[in-house]
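**Q** After the structure tokens below, expect a handful of questions from me.
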Amino acid sequence: MKSNSKQTQSVPVLKRELLEITTLYEISKATNSSLDLEGVMEQVLEILHQKMAMERGTLCLLDEDNDEISIEVARGLSEQEIERGRYKPGEGITGRVVAAGEPIIVKNVGEEPLFLNRTRSRGDLKRTNVSFLCVPIKLDGKTIGALSVDRLFQQDISFEEDIRLLTIISSMVAQAVRIHQMVEKEKSRLEDENLRLKRELKKRFHPSNIVGESKRMQDVYDTIELVSKTKANVLLRGESGTGKELIAHAIHYHSDRAEKPFIKLSCAALPETLLESELFGYEKGAFTGAMTTKMGRFELAHGGTLFLDEIGDLPLSTQVKLLRVIQEREFERLGGTQTVRVDIRLITATNKDLEKEVREGRFREDLYYRLNVVSIFLPSLRERREDIPVLVNHFLKEACGENKKSVKYISDEAMEILMNYVWPGNVRELENAIERAVVLGKSETLTPDLFPIPQDGRGPGLTTFNPQTPAESLPGLLPEAVEVLEKRMIEAALLKTGGNQRRAAQLLGLTERMIGYKIKQYSLKTKG
Ligand SMILES: Nc1ncnc2c1ncn2[C@@H]1O[C@H](COP(=O)(O)OP(=O)(O)O)[C@@H](O)[C@H]1O
Ligand SMILES: [Mg+2]
């Protein structure tokens, strides 16, 4: 038994005032102690119990949305009893207090028909001498709830004094409720805002032209989001056709450089001297044929982004020059003396194993670290097969638009072929396969015959995917596999362009000379 419960059994009149003051003091301490309304209210009810012997203290609040009064916090009531304690304004004692905004005293709950005892926490009411005191909680003149307590029926209790005390306490509680409501409102406002911003970011960093919801792609989007806010150099890694160029664009268009130029140069296609004049520009007369002064890609990209594709193919001598521009942000045009200063973000891409290139002395280590401030690894398509259906849909729509066709469906069998294929050319290959099928298809459904898997006498094991087969034990040699793919891609490109070699070369990123050579090598049919 607690010592202070004895102290309050019979309250000597002189002690009452002191007790009230300490009670109010304790309660004011409690209401100021935290923003957690429930915690505060539990303390308040506990103090009323300890100091004033008030039992079953209950705080009810009116929910304006459904016009229902429910118990927020209660002392001495079980969860179930609390759950049962729901009233409409005007209903029962608590409901009347809330409706009228006036306190009510029920001297003996056993004799009061209005007393609903809805929580059923008081056993057989007839046998207990319980009084029930209930005061409204008012905020800005409006009743927002009620505070009630039970008192054991005793001679020396002055209900008027109790009501006065409870009324003071209820005004303190009202302030706590006000603060709580303000905090809740602010919290839900911030939550809404947070949600809205997150949605916006999602939209922003999931541009409609990048398709794929796989975990691997989500990670890529997250990195794009982070990196686009910075000026850091980005190195994009991944097999050919995985979307490196697409991602380079996305980074640029989501950065604060979006309004400035995005300039691209592929380091693979050009011989060394041409590459340097493309990068740094030249002065008139720098070499034979330099009739005018020409700006290089670095200058053209000033204020924006320079994307150097196939960086792994950059010759060593050019690597030195690139390193200097990155470090000093300045350079001279070929044949020039004047120093040009530039502000660019550099994005590079490669499908090569750059670390191996560094180890074997083909790529400068210092340049490697300069370029590789942030790297983004793009997964191959076979590592994110779950994205194949959305990609198929995306390319189907695109191909239909471009070719004025209306293919709407793809048969389950055809989809299965696409799901199981290894896709050495990744998304680019899938894109081409769909476009080819759309062009050749005669109905509104794509059927398996539109997706011939290259077999070339080596059996389907070469290019179809069997998860049980380790890559090393796939039949066929890599050069042969590459040849099959090359031939198929060139065929598809020629098909797409009606046999136009120049356009087919453009589609594939080849020079006209190269495609001419390959066409002869594979004895492919062309227009001319
Ligand atoms: N996630 C993707 N969503 C939609 N299209 C993609 C995606 N990834 C690649 N593509 C498309 O595939 C083709 C090849 O992409 P690209 O960025 O050129 O690859 P890479 O530079 O890695 O060789 C492009 O037509 C590109 O639009
Ligand atoms: Mg590329």
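**Q** Working out 0.36 nm times the residue gap between LEU116 and TYR25, then minus their Cα-Cα distance, what length gain in nm do you get to one decimal?
**A** 29.4 nm
**Q** Moving on. How would you rank 343-350, 225-232, 238-245, highest first, on the average number of other Cβ atoms within 10 Å across their residues?
**A** Most protected by this proxy first, the peptides run 343-350, 238-245, 225-232.
**Q** GLU68's amide H: which non-local residues (gap 5+, or another chain) put their own amide H closer than 5 Å, with H modeled 1.01 Å from N in plane and none for Pro or chain starts?
**A** ASP63
**Q** Calculate the FRET efficiency for THR288 and THR511 from the Cβ-Cβ distance with a Förster distance of 22 Å, rounded to the nearest 0.05.
**A** Between THR288 and THR511 the formula returns 0.45.
**Q** Right, here's the next one. Using the C-alpha atoms of region 331-409, what convex hull volume per residue, in cubic angstrom, is computed?
**A** Considering the Cα atoms of region 331-409, their hull volume per residue is 213 Å³.
**Q** Using θ = phi - 60° and the Karplus curve 6.51 cos²θ - 1.76 cosθ + 1.60, what whole-Hz ³J(HN,Hα) does each residue of region 219-224 get, with Gly and Pro shown as x?
**A** For region 219-224, the Karplus curve yields 4, 4, 4, 4, 5, 4 Hz.
**Q** Further question: Got a sec? Charge dipole of the chain, +1 on Cβ for Lys and Arg, -1 for Asp and Glu; which of SER33, ILE82, ILE519 is way out at the positive end?
**A** ILE519
**Q** Could you give me the ³J(HN,Hα) list for region 311-324, computed from phi with Karplus coefficients 6.51, -1.76, 1.60 and θ = phi - 60°, whole Hz, x at Gly and Pro?
**A** With coefficients 6.51, -1.76 and 1.60, one gets 5, x, 9, 5, x, 4, 5, 6, 4, 4, 5, 5, 4, 5 Hz.
**Q** State the answer as a single residue: which of THR337, SER406, PHE363 lies farthest towards the positive end of the charge dipole of region 323-418, with beta carbon charges of +1 for Lys and Arg and -1 for Asp and Glu, about the Cα centre.
**A** About the Cα centre, the residue reaching furthest to the positive side is THR337.
**Q** Counting DSSP beta bridges with both partners in the chain, what percentage is antiparallel, nearest 5?
**A** Of the beta bridges lying entirely in the chain, close to 60 percent run antiparallel.
**Q** Can you tell which of LEU391, VAL325, VAL373 lies farthest toward the positive end of the dipole of region 315-413, using +1 and -1 charges on the Cβ of basic and acidic side chains (Lys, Arg; Asp, Glu)?
**A** VAL325
**Q** Next up: Starting at the first residue of region 170-181, write each ³J(HN,Hα) from the Karplus equation 6.51 cos²θ - 1.76 cosθ + 1.60 with θ = phi - 60°, in whole Hz, x for Gly and Pro.
**A** After applying 6.51 cos²θ - 1.76 cosθ + 1.60, I find 5, 6, 5, 4, 4, 5, 4, 5, 4, 4, 4, 5 Hz.
**Q** Let me ask another. So who's got an amide H within less than 5 Å of the one on LEU446, skipping anything under 5 residues away but keeping other chains? H placed 1.01 Å off N, in plane.
**A** TYR409, ILE410, SER411
**Q** While we're looking at this one, here's another question. Give me the angle, in degrees from 0 to 90, between the Cα long axis of helix 244-253 and the longest principal axis of the Cα atoms of the chain, rounded to the nearest 10.
**A** 50
**Q** Next up: LYS525 to GLU386: extension gain in nm, 0.36 nm per residue of separation minus the Cα-Cα distance?
**A** 46.5 nm
**Q** Separate question: Which far-off residues, 5 or more places away or on another chain, put their amide H under 5 Å from the one on VAL73, with H placed in the peptide plane?
**A** LEU59
**Q** Moving to a separate point now. By accessible area of protein heavy atoms, probe 1.4 Å, what ranking do MET41, MET291 get, highest first?
**A** Largest accessible area first, the residues go MET291, MET41.
The values are calculated or read from the model by the stated rules, or taken from the named source; none is laboratory data. All of these numbers come straight from a predicted model, not from anything done at the bench. Reconstructed Cβ throughout: ideal geometry from the backbone, glycine too, with neighbour counts over all protein chains shown. What goes into the accessible areas is simple: the full protein's heavy atoms, side chains included, and nothing from ligands, DNA or RNA. Shrake-Rupley method; radii C 1.70, N 1.55, O 1.52, S 1.80 Å.
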